[in-house]
1. Return the total of residues in the stretch 274-313 being among the hydroxyl-bearing types (Ser, Thr, Tyr), touching a residue at least 40 places away in the same chain (Cβ under 8 Å) and assigned to a loop (DSSP other than H, G, I, E, B).
2. Identify all residues within the stretch 212-233 that are surrounded by fewer than 16 Cβ atoms within 10 Å (Cβ to Cβ) and either in a loop (DSSP other than H, G, I, E, B) or of a type in the set (Gly, Ala, Ser) (or both); write none if there are none.
3. If you scan the stretch 134-159, which residues turn out to be more than 13 Å from ligand 1 (Cβ to nearest atom), open to solvent by 10 Å² or more (accessible area, probe 1.4 Å) and either at pLDDT 60 or above or touching a Leu at 6+ places or on another chain (Cβ under 7 Å) (or both)?
4. The conditions are (1) open to solvent by less than 40 Å² (accessible area, probe 1.4 Å); (2) at pLDDT 75 or above; (3) more than 16 Å from ligand 1 (Cβ to nearest atom), and Asp83 fails exactly one of them. Which is it?
5. Take the residues of the stretch 236-287 that are of a type in the set (Gly, Ala, Ser) and within 27 Å of Lys102 (Cβ to Cβ): which is surrounded by the fewest Cβ atoms within 10 Å (Cβ to Cβ)?
6. If you check every pair at least six apart or on different chains, which have Cβ atoms under 8 Å apart with a residue in the stretch 100-114 that is over 11 Å from Leu234 (Cα atoms) and within 8 Å of ligand 1 (Cβ to nearest atom) first and a residue that is modelled with pLDDT of 90 or more and assigned to a loop (DSSP other than H, G, I, E, B) second?
7. With (1) assigned to a helix (DSSP H, G or I); (2) open to solvent by less than 40 Å² (accessible area, probe 1.4 Å); (3) out of contact with any Gly (no Cβ under 7 Å at 6 or more places or on another chain) as the list, and Ile195 as the residue in question, which single condition is left unmet?
8. Testing Arg58 on (1) more than 30 Å from Ile162 (Cα to Cα); (2) modelled with pLDDT of 75 or more, one condition comes back false. Which one is that?
Amino acid sequence: KPPILVPDLAARLGLKPFNIMADLIKIGVFPAPNQPLEPDIAAKICEIHGFTFEREKRDKDKGFHKEVEVIKEPEAPKQEPEDLLKTRPPIVTIMGHVDHGKTSILDYFRKSKVVSGEAGGITQHIGAYQVIHNDQEITFLDTPGHAIFSDMRARGADITDIVIIVVAANDGIMPQTLEAIKHAKKAKKTIIVAINKCDLPSSNVDRVKSQLAENGLQTTDFGGDTEFAEVSALTGKNMEDLLELIALQAEVLELKANPKATARAAVIEARVVPGRGTTATVIVESGTLKVGTPFICGPYAGKVRSLINDRGAAIKSAHPGMPVEVIGFEELPNVGDHLTEMKSEREAKSLASERQEAQRLVRLKPQHRNRMEDLYSMV
Ligand code: GTP
Ligand code: MG
């Protein structure tokens with residue numbers, strides 16, 4: 001380990017050596033010129049200036065980090081008592097190449113006209129909807145085929161239970177299909193394949209299946225374990241089977257949440273709507289989100305002013321697995337952040353201002369670190 005010398009320490013803290021000497025005298029240490037400091041003494045000096053002293057195993061990672069203290073938000077309990085857990089709806093994300101029929105499939109399930117309402121029929125944003133199948137709720141996230149997955153992941157893949165990969169039987173596997181498969185596998189999600197547009201004369205289901213097998217998704221009829229359905233969102237063919245497959249997989253996963261826990265929800269979309277202000281679509285992960293609930297979401301505080309369900313109706317509360325639009329954010333939240341219920345508005349606000357302050361400090365940190373690193377490379 002290299003010795004800790006006063007000029008180095010001073011430079012790393014953005015001070016002059018005489019400042020450090022003055023501090024040393026104050027704490028009763030009188031080092032001879034060029035005498036290395038003991039680590040605990042260096043730590044004390046760092047502390048005086050609001051830094052944490054750390055010596056790490058690898059020399060090049062050594063650094064001093066500005067201490068950033070943050071009030072903790074209520075944490076999601078790792079394990080909830082079994083009796084408080086209730087079955088929650090599966091969160092199913094529909095992915096696939098542009099125009100392969102993701103929105104049409106969801107549209108068929110919803111028996112509404114989402115597709116025709118979209119600008120140019122291209123999904124511009126993530127849509128979150130619920131479908132009731134045999135008295136069971138299923139939550140669907142529609143995704144744009146052209147979205148890059150990193151963005152998607154922030155938007156919902158980490159809260160996704162099941163991924164539906166949609167492949168148009170006439171087109172076969174395309175670049176975005178591969179992308180979706182790759183990431184769903186990496187994230188270890190349950191995958192169900194919907195081979196769509198089977199009504200078209202140009203459809204070639206066998207070709208799709210062999211392409212799937214080449215990409216590690218061997219369908220059950222070929223001795224693999226990938227569940228699939230040959231569907232047409234246009235005619236409705238086998239669409240009920242697809243829903244049934246989803247329901248079965250959801251049962252296998254035994255998805256549960258505690259509706260009485262502190263409310264927590266993941267932001268999957270946020271925007272400013274004229275007349276409504278800042279709104280965000282969230283999926284409730286645990287607890288029950290109610291109108292009037294104060295919350296923290298990343299660096300921003302808020303209070304639920306109203307909740308709007310996927311059919312555009314105002315509701316009073318949202319249970320686990322439910323997608324809901326929340327109005328009442330102080331600022332536009334970040335997609336991927338989690339909204340967490342706080343005890344009071346005051347607490348939410350004070351945590352928010354601490355976080356904003358912490359962000360400011362973190363932004364300053366790289367400057368310190370660069371300077372420190374330069375110096376250490378000279379030691
Ligand atoms: P993006 O959101 O842009 O990625 O597209 P998408 O995957 O959501 O596709 P969308 O549902 O918008 O459908 C694209 C086109 O395919 C539309 O013109 C649909 O009418 C058509 N389509 C969807 N499903 C079927 C189907 O089963 N059969 C036929 N023949 N056409 C379909
Ligand atoms: Mg779409």
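The values are calculated or read from the model by the stated rules, or taken from the named source; none is laboratory data. From a predicted model like this one, the values you see are computed outputs, not experimental measurements. Neighbour counts are summed over all protein chains in view; Cβ atoms, including those assigned to glycine, are modelled from backbone coordinates with ideal geometry. Note: areas computed on protein heavy atoms with side chains; ligands, DNA, RNA excluded. Shrake-Rupley method; radii C 1.70, N 1.55, O 1.52, S 1.80 Å.
1. Pass one, the stretch 274-313, residues among the hydroxyl-bearing types (Ser, Thr, Tyr): 278-279, 281, 286, 288, 293, 300, 306.
After this cut, where a residue has to be touching a residue at least 40 places away in the same chain (Cβ under 8 Å) as well, the list is 278-279, 281, 286, 293, 300.
From the residues that got through so far, the ones that are assigned to a loop (DSSP other than H, G, I, E, B) too are 293.
Total satisfying the criteria: 1.
2. Looking only at the stretch 212-233, we keep the residues that are surrounded by fewer than 16 Cβ atoms within 10 Å (Cβ to Cβ), and these are 213-216, 220-225.
Matches in the stretch 212-233: Ala213, Asn215, Gly216, Gly223, Gly224, Asp225.
3. Asn134, Asp135, Gln136, Glu137, Asp158, Ile159
4. (1)
5. Looking only at the stretch 236-287, we keep the residues that are of a type in the set (Gly, Ala, Ser), and these are 236, 247, 250, 257, 261, 263, 265-266, 270, 275, 277, 280, 286-287.
If we keep only those that are within 27 Å of Lys102 (Cβ to Cβ) too, we end up with 236, 247, 250, 257, 265-266, 270, 280.
Numbers: Gly236: 11, Ala247: 14, Ala250: 23, Ala257: 23, Ala265: 28, Ala266: 23, Ala270: 20, Ala280: 25.
Among residues in the stretch 236-287 that are of a type in the set (Gly, Ala, Ser) and within 27 Å of Lys102 (Cβ to Cβ), the one surrounded by the fewest Cβ atoms within 10 Å (Cβ to Cβ) is Gly236.
6. His100/Asp171; His100/Met174; His100/Lys197
7. All conditions are met except number (1).
8. Single failed check for Arg58: (2).
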